[in-house]
Protein chains: 2
Amino acid sequence: MLELAILGFLHDTPLHGYELRKRITALTGHVKPVAESTLYPAIKRLENAQLLERATQPGSVAAPRHVLTLTEEGGRELRRRLADPARRDITDENRWFTVLAFLRHLEDPEAQAAVLRRRLAFLEEPASFFYDGDRPLRAEELDDPFRRGILTIARATSQAELTWLRTTLDSLDAAGH
Amino acid sequence: MLELAILGFLHDTPLHGYELRKRITALTGHVKPVAESTLYPAIKRLENAQLLERATQPGSVAAPRHVLTLTEEGGRELRRRLADPARRDITDENRWFTVLAFLRHLEDPEAQAAVLRRRLAFLEEPASFFYDGDRPLRAEELDDPFRRGILTIARATSQAELTWLRTTLDSLDAAGH
DNA sequence: CGAGGATACATCGGTTCCGATGTATAAAAG
DNA sequence: CTTTTATACATCGGAACCGATGTATCCTCG
């Protein structure tokens, strides 16, 4: 997920690590902070895989900046990851939001719609957090107010997202004539 | 988080690893599956810390079961983790839901309310995913339909949860007279 | 002019995660 | 009667994560 965010931000414009960190923090930091000790190794991984290039820009501000630029292969990799996300990227909201944040980089409306449809299919599966045997329990059936809260919140999220998904899919279908 | 779920489930009743896995899968598996190779080491960690005990129950079904029982120290540790969750457990929805799923084990309504209040404070912070400088952007200001979706969904979730939090806090306050 | 804070990068070590793989047994299906 | 599926546990190795810590510069404010 971190790697996707790095590729996504660099697709717009070259950045150095520190600025990248600020952007990633703005995007997902309030939920899950990004440690520098996680970011720099991730940058190195992507560099080793030749998905990005590093150009040292000496002493303009403080320590010498390493400006990171996405390579062509990096751009292709970004599009691959966006077009064909792992199941976890679809089901886990944190990951899903990261996919959504950069989905516009996947230029083809059909391909974008296909990704949204995977999320739609997931949300339409009858899943709960609590079961009586195999039967999913509804909020009303729980005594525990906290567990009832989980279901209430999840249901509201799900409703809002389903509505959004359906209207967005409609307009993507219209765009893809 | 996994550890919290293990402690939480064992607080109700002793279980062997495989059954534990099924319960955790029912709880959070549709979002984030639990690998056995994550579960068993986690059990071992908790056992080494003397938070749970293992009793081998030979050949009743298939392979010999290791029935896991929470120790007294394990119960205390569960309550400690519930009463004083890390910031990440409050901000990350996946983790937060796990806290909520077991919050009833924290018997004191005041203590339960204190945890909910931390989540409330977090949700009331003016946070966005996208900024113009320091100013959080609203959904309407974004061209990108996917990013607009993120904000729309996040807002709906947040509204639903705020409503639930406030009513639940009211009734907890009433219970704690 | 000295202190503090922001900028910028980096490493280290411990912990955790997880896919792949292995070993058995018992029950159900064909 | 044999294959498949479910039960039940376990290890290994590579990857990822992350808190702590270190280094060095520049800017601002008192």
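Which count do you get for residues in region A:71-97 that are away from chain B (no Cβ under 14 Å), assigned to a helix (DSSP H, G or I) and open to solvent by less than 30 Å² (accessible area, probe 1.4 Å)?
Residues that pass the stated criteria total 3.
In this structure, does residue A:20 turn out to be over 16 Å from residue B:146 (Cβ atoms) and either open to solvent by 50 Å² or more (accessible area, probe 1.4 Å) or in contact with an Asp or Glu (Cβ under 9 Å, 6 or more places away or on another chain) (or both)? Spell out how you get there, then give the answer.
Working: over 16 Å from residue B:146 (Cβ atoms): yes; either open to solvent by 50 Å² or more (accessible area, probe 1.4 Å) or in contact with an Asp or Glu (Cβ under 9 Å, 6 or more places away or on another chain) (or both): no.
Judged against the criteria, residue A:20 is not a match.
Taking the stated definitions as given, is residue A:154 more than 30 Å from residue A:47 (Cα to Cα) and either open to solvent by 50 Å² or more (accessible area, probe 1.4 Å) or of a type in the set (A, V, I, L, M, F, W, C) (or both)?
Working: more than 30 Å from residue A:47 (Cα to Cα): yes; either open to solvent by 50 Å² or more (accessible area, probe 1.4 Å) or of a type in the set (A, V, I, L, M, F, W, C) (or both): yes.
The answer is yes for residue A:154.
Consider region B:74-92. How many of its residues are without any contact (Cβ under 8 Å) to a residue 24 or more places away in the chain and over 11 Å from residue B:115 (Cβ atoms)? Spell out the reasoning first.
To start, the set of residues in region B:74-92 that are without any contact (Cβ under 8 Å) to a residue 24 or more places away in the chain comprises B:76, B:80, B:84, B:86-88, B:92.
Then keep just the ones that are over 11 Å from residue B:115 (Cβ atoms); that gives B:76, B:80, B:86-88, B:92.
Residues flagged as without any contact (Cβ under 8 Å) to a residue 24 or more places away in the chain and over 11 Å from residue B:115 (Cβ atoms) within region B:74-92 amount to 6.
For region A:18-32, check the following and say yes or no: at least one residue is at pLDDT 90 or above and in contact with a Lys or Arg (Cβ under 6 Å, 6 or more places away or on another chain).
There is no residue in region A:18-32 that is at pLDDT 90 or above and in contact with a Lys or Arg (Cβ under 6 Å, 6 or more places away or on another chain).
Hey, any hits in region A:167-175 for a residue that's open to solvent by less than 50 Å² (accessible area, probe 1.4 Å) and either within 8 Å of chain B (Cβ to nearest Cβ) or at pLDDT below 95 (or both)?
Filtering region A:167-175 for residues open to solvent by less than 50 Å² (accessible area, probe 1.4 Å) gives A:168-169, A:172.
Narrowing further to those that are either within 8 Å of chain B (Cβ to nearest Cβ) or at pLDDT below 95 (or both): A:168, A:172.
Yes; the residues of region A:167-175 include at least one that is open to solvent by less than 50 Å² (accessible area, probe 1.4 Å) and either within 8 Å of chain B (Cβ to nearest Cβ) or at pLDDT below 95 (or both).
Please go through region A:118-140 and pick out each residue that is more than 7 Å from chain B (Cβ to nearest Cβ), surrounded by 14 or more Cβ atoms within 10 Å (Cβ to Cβ) and either at positive phi or not aromatic (Phe, Trp, Tyr) (or both).
Selection gives A:118, A:119, A:120, A:123, A:128, A:136, A:137, A:139.
Is it the case that region A:148-161 has a residue that's more than 10 Å from chain B (Cβ to nearest Cβ), assigned to a helix (DSSP H, G or I) and not aliphatic (A, V, I, L, M)?
Looking for residues that are more than 10 Å from chain B (Cβ to nearest Cβ), assigned to a helix (DSSP H, G or I) and not aliphatic (A, V, I, L, M), one finds none in region A:148-161, hence no.
Quick one: in region A:42-52, which of the residues that are in contact with a helix residue (DSSP H, G or I) (Cβ under 9 Å, 6 or more places away or on another chain) and either farther than 24 Å from residue A:72 by Cβ or within 13 Å of DNA strand D (Cβ to nearest atom) (or both) is farthest from the other protein chains (Cβ to nearest Cβ)? Break it down into steps so the answer makes sense when it comes.
Step one: filter region A:42-52 for residues in contact with a helix residue (DSSP H, G or I) (Cβ under 9 Å, 6 or more places away or on another chain), giving A:42-43, A:45-46, A:49-52.
Now drop any that are not either farther than 24 Å from residue A:72 by Cβ or within 13 Å of DNA strand D (Cβ to nearest atom) (or both), which leaves A:42-43, A:45-46, A:49, A:51.
Numbers: A:42: 19, A:43: 22, A:45: 22, A:46: 22, A:49: 25, A:51: 22 Å.
Result: A:49.
To keep it simple, each residue is scored yes or no on (1) within 16 Å of DNA strand D (Cβ to nearest atom); (2) under 24 Å from residue A:1 (Cα atoms).
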{"residue": "A:57", "(1), (2)": "yes, no"}
{"residue": "A:88", "(1), (2)": "yes, yes"}
{"residue": "A:91", "(1), (2)": "no, yes"}
{"residue": "A:117", "(1), (2)": "no, yes"}
{"residue": "A:120", "(1), (2)": "no, yes"}
{"residue": "A:135", "(1), (2)": "no, no"}
{"residue": "A:138", "(1), (2)": "no, no"}
{"residue": "A:155", "(1), (2)": "no, no"}
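Only one of B:100, B:52 is closer than 26 Å to residue A:129 by Cα and either modelled with pLDDT of 95 or more or assigned by TED's automatic domain parsing to the domain that holds residue B:123 (or both). Can you tell me which?
Working: B:52 fails: either modelled with pLDDT of 95 or more or assigned by TED's automatic domain parsing to the domain that holds residue B:123 (or both).
On inspection, the qualifying residue turns out to be B:100.
Could you list, in sequence order, all residues of region A:10-20 that are touching a residue at least 24 places away in the same chain (Cβ under 8 Å), more than 11 Å from DNA strand D (Cβ to nearest atom) and in a helix (DSSP H, G or I)? Write out each step before concluding.
Initial filter on region A:10-20 (touching a residue at least 24 places away in the same chain (Cβ under 8 Å)): A:10-11, A:14-18, A:20.
Pick out the ones that are also more than 11 Å from DNA strand D (Cβ to nearest atom) and you get A:10-11, A:14-17, A:20.
A:10, A:11, A:17, A:20 - these are the residues of region A:10-20 that are touching a residue at least 24 places away in the same chain (Cβ under 8 Å), more than 11 Å from DNA strand D (Cβ to nearest atom) and in a helix (DSSP H, G or I).
Has region A:98-113 got any residue that is away from DNA strand C (no atom under 11 Å from the Cβ), among the basic types (Lys, Arg) and surrounded by fewer than 21 Cβ atoms within 10 Å (Cβ to Cβ)?
At the first step, the residues of region A:98-113 found to be away from DNA strand C (no atom under 11 Å from the Cβ) are A:98-113.
Cutting the leftovers down to among the basic types (Lys, Arg) gives us A:104.
Filter once more, so that each one left must be surrounded by fewer than 21 Cβ atoms within 10 Å (Cβ to Cβ): A:104.
For region A:98-113, residues away from DNA strand C (no atom under 11 Å from the Cβ), among the basic types (Lys, Arg) and surrounded by fewer than 21 Cβ atoms within 10 Å (Cβ to Cβ): present.
Tell me the residue from A:39, A:2, A:100, A:7 that is more than 11 Å from DNA strand D (Cβ to nearest atom), away from chain B (no Cβ under 11 Å) and either in contact with a helix residue (DSSP H, G or I) (Cβ under 8 Å, 6 or more places away or on another chain) or touching a residue at least 60 places away in the same chain (Cβ under 8 Å) (or both), please. Walk me through how you get there before you give the answer.
Values: A:39 fails: more than 11 Å from DNA strand D (Cβ to nearest atom); A:2 fails: more than 11 Å from DNA strand D (Cβ to nearest atom); A:100 fails: away from chain B (no Cβ under 11 Å).
Unique residue meeting the criteria: A:7.
Exactly one condition in (1) assigned to a helix (DSSP H, G or I); (2) within 16 Å of DNA strand D (Cβ to nearest atom); (3) within 14 Å of chain B (Cβ to nearest Cβ) is false for residue A:23; which is it?
Looking at each condition in turn, residue A:23 falls short on (2).
Across region B:8-19, what is the total count of residues that are among the hydrophobic types (A, V, I, L, M, F, W, C) and within 14 Å of DNA strand C (Cβ to nearest atom)?
First, the residues of region B:8-19 that are among the hydrophobic types (A, V, I, L, M, F, W, C): B:9-10, B:15.
Then keep just the ones that are within 14 Å of DNA strand C (Cβ to nearest atom); that gives none.
Number of matching residues: 0.
The values are calculated or read from the model by the stated rules, or taken from the named source; none is laboratory data. What you see is a predicted model; the values in this text were computed from it and never measured. Counting neighbours? That spans all protein chains shown, and the Cβs are built from the backbone with ideal geometry, glycine included. Calculation scope for accessible area: heavy atoms of the full protein, side chains included, ligands and nucleic acids excluded. Shrake-Rupley method; radii C 1.70, N 1.55, O 1.52, S 1.80 Å.
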